[in-house]
1. Have a look at the DSSP beta bridges in the stretch 3-92 and tell me what percent are antiparallel, nearest 5.
2. For GLN45 and SER102, what is the calculated FRET efficiency with R₀ set at 30 Å and r taken between the beta-carbons, to the nearest 0.05?
3. Got a sec? How would GLU24, GLU11, GLU139 order by Cβ neighbour count within 10 Å, fewest to most?
4. Taking the Cα centre of the stretch 1-131 as the origin and placing charges on Cβ (Lys, Arg +1; Asp, Glu -1), which of GLY63, GLN94, TYR32 is farthest toward the positive end of the dipole?
5. How large is ³J(HN,Hα), in whole Hz, for each residue of the stretch 102-118 in order, when computed from phi with the Karplus curve 6.51 cos²θ - 1.76 cosθ + 1.60 and θ = phi - 60°, using x for Gly and Pro?
6. How much length is gained on full extension from GLU114 to GLU60, taking 0.36 nm per residue of separation minus their Cα-Cα distance?
7. Can you sort ARG10, ARG179 by how many other beta carbons sit within 10 Å, fewest first?
8. Please list, in order along the stretch 84-100, the HN-Hα scalar couplings obtained from phi with the Karplus expression 6.51 cos²θ - 1.76 cosθ + 1.60 (θ = phi - 60°), rounded to whole Hz, x for Gly and Pro.
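None of the figures in this text is laboratory data; all of them are computed from the coordinates on show. Keep in mind that this is a model prediction, so the values were computed, not measured. Here the Cβ positions follow ideal geometry from the backbone for every residue, glycine too, while neighbour counts run over all protein chains shown.
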Amino acid sequence: MAEVLNVEKREAFGSAATTRIRREGRVPAVLYGHGQETQHLSISQGEVDALIRHHGRAVELKGALQDTAMVNDVQWDPLGIDILHLDLLRVNLQEVVDVTVSVHLHGEAPGVREGGILLESVHEVDVRCKAGSIPESVELSVAELHVGESATAAQLILPEGVELITDPETVLARVEEPRAEKDPEDELSSIGAEPEVIGAKKDEEDGDKG
């Protein structure tokens, strides 16, 4: 489902103009694609934050213009806290697109109760679907994973109309045995062991010759 963004057109450009826009609580954005004119926009910071929080990709633009688009790029500040700019690519919401979505682990792995450690190897997968039906994430059940077992992309729970592009054999999560910890007494004994004195035997032999 497409998120709705209310946009305003930007008439001024440059660093000073974008700084002023951000101080007003808005995020600069650009809309392009489909052979149409590039539009310079601004969007409420609150709406952009909600979009990112919901992992939204498809958007419906309202306000200064009406259009449909997909989030093509998000530019963050150096600390990764504030969004500095959005790149929006025009799409028809019925258009089939290839996108990357996050993987959400679902359930409790019995292998963890057995003493194992659940490890997520891959956090995102590539899927193909209509632009207006891009899922926020796809689920992977780990409810049957025992120690030494793994779950692959083929086991993902995909919404209707969503096709997997990532290799189905890709391991996404696994349960491993915990690494054996060294016995503290063994470590102490190895530290306290007398080191071999290199050359001692030779010195004794030399002494005997004398």
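1. Values: 20 of 29 bridges.
Percent antiparallel among DSSP bridges in the stretch 3-92 is about 70.
2. Details: r = 23 Å, r/R0 = 0.76.
Efficiency, from the Cβ-Cβ distance: 0.85.
3. Values: GLU24 10, GLU11 7, GLU139 15.
The most exposed by this proxy come first: GLU11, GLU24, GLU139.
4. Toward the positive end, the furthest listed residue is GLY63.
5. 7, 9, 10, 6, 10, x, 10, 6, x, x, 5, 5, 7, x, x, 10, 7
6. Numbers: separation 54, 0.36 × 54 = 19.44 nm, distance 4.77 nm.
In short, 14.7 nm is gained.
7. Values: ARG10 18, ARG179 7.
Going from sparsest to densest Cβ surroundings: ARG179, ARG10.
8. Here the 3J(HN,Hα) series is 9, 6, 10, 9, 10, 9, 4, 8, 8, 5, 8, 6, 7, 10, 9, 9, 9 Hz.
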